[in-house]
Amino acid sequence: MNTILSIANGVLQYHRGRQTGLAGLLGIVIALGIVFQWHNILPVLEAIGLVGFLDKHGLIYEGEGYLTGYALFMIAFKASILLAVIIFVLLVVVIVCAMIFSNEIIFKIALTILTVITAPFFMIYFFFDHFRTPKAVREERKRLALESKRPVLEIVKESSELLTYDEAKNWLNRLPTLGDYHFLVAVTKEQEVFAILPRPRYWITHPAIKLKIDSNSKKNHSIDKSPLINVYYEHQGFNEKLETDFLASERTKIDISSDRIAYFLKPKSEEINAMFKWIAQSKAYKVYMNQEIDSYFKRKEKISRTISNSIEKEEFDKGVSAIKTMDASNEDIVKMMWDSKTYHVN
């Protein structure tokens, strides 16, 4: 009988080992299959929104695979801890209920047992979270947590130079030229943001393009990099690619002396300057540039003739006052290039 039981036990252990081994081999095969077919699996994960969900919650670090893997591991580990906590709470509730029908000694014994069981889990969690989390990741978490609580315009102001009205007027007092994307940002009292383009100061209004700025939710920035933001062009019915001549239209102009504007900024942010470069390379900006330069020199020539041909002092003084306002800071170099047809862009 003992022999038969030993044989039966051996067969049982063999089947159990084979099942466990098959499960392990199957897991390895699945893991290898995922690795080799990842280029086909990833689009599916993106389609169901899993990648976007993980990215939104800062679990994907572009170009840093080990950080992504570590972040996902920690999430799984924290989920296990959370499950243990939930079980612990449920057990506590059960114990509290049992206390009503039991005595204090049984409660203390049960609480001691639960403490002994759950303590290692908490110790492992805090050890990995504090000592195994890279210092760069911890610092990045702190920085992003602080920035997420600040208004985005405050972040923009910190990376920009604040200008007074007179400083802004002098900075914008120039003719638009090719390659000149050094615009200003005007923020209204209603927290609206505009890109203000250069224009000689005898014009009170300047072309203004409304922008939308919000904080970047991605959490894969370099540690020493300035806070990233998203900058959008709100075309509001205008051509989305700035291929029209709407910059020359009066409906796009804004009076920079208006009380509506709260302050001016000279941005140093790469994201805002990238938007400015995009505007400066658009067809609409080139059309505006041609029209502005052409009208400027024609108007100045007309005023000069008026001054030369004026007979009455009143007319002469009026012409002199008008021409004094035509003092664009880059007039000389633009005049030379304009006469040589360098700036006549189609």
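The helices (runs of 4 or more DSSP H) found entirely in segment 253-333 that carry 1 or more residues being closer than 18 Å to Thr205 by Cα and more than 28 Å from the chain's Cα centre (by Cα) are 283-309, 313-324.
Considered as a group, the residues in segment 187-199 that are more than 21 Å from Asn330 (Cβ to Cβ) and within 20 Å of the chain's Cα centre (by Cα) include one that is surrounded by the fewest Cβ atoms within 10 Å (Cβ to Cβ), and that residue is Gln191.
Counting only helices (runs of 4 or more DSSP H) that sit completely within segment 124-206, those holding 2 or more residues that are closer than 30 Å to Phe297 by Cα and either among the aromatic types (Phe, Trp, Tyr) or modelled with pLDDT of 80 or more (or both) correspond to 165-172.
The values are calculated or read from the model by the stated rules, or taken from the named source; none is laboratory data. Predicted model only: the values in this text are computed from it and were never measured. Don't worry about glycine lacking a Cβ; one is built from the backbone with ideal geometry, like all the others, and counts go over all protein chains shown.
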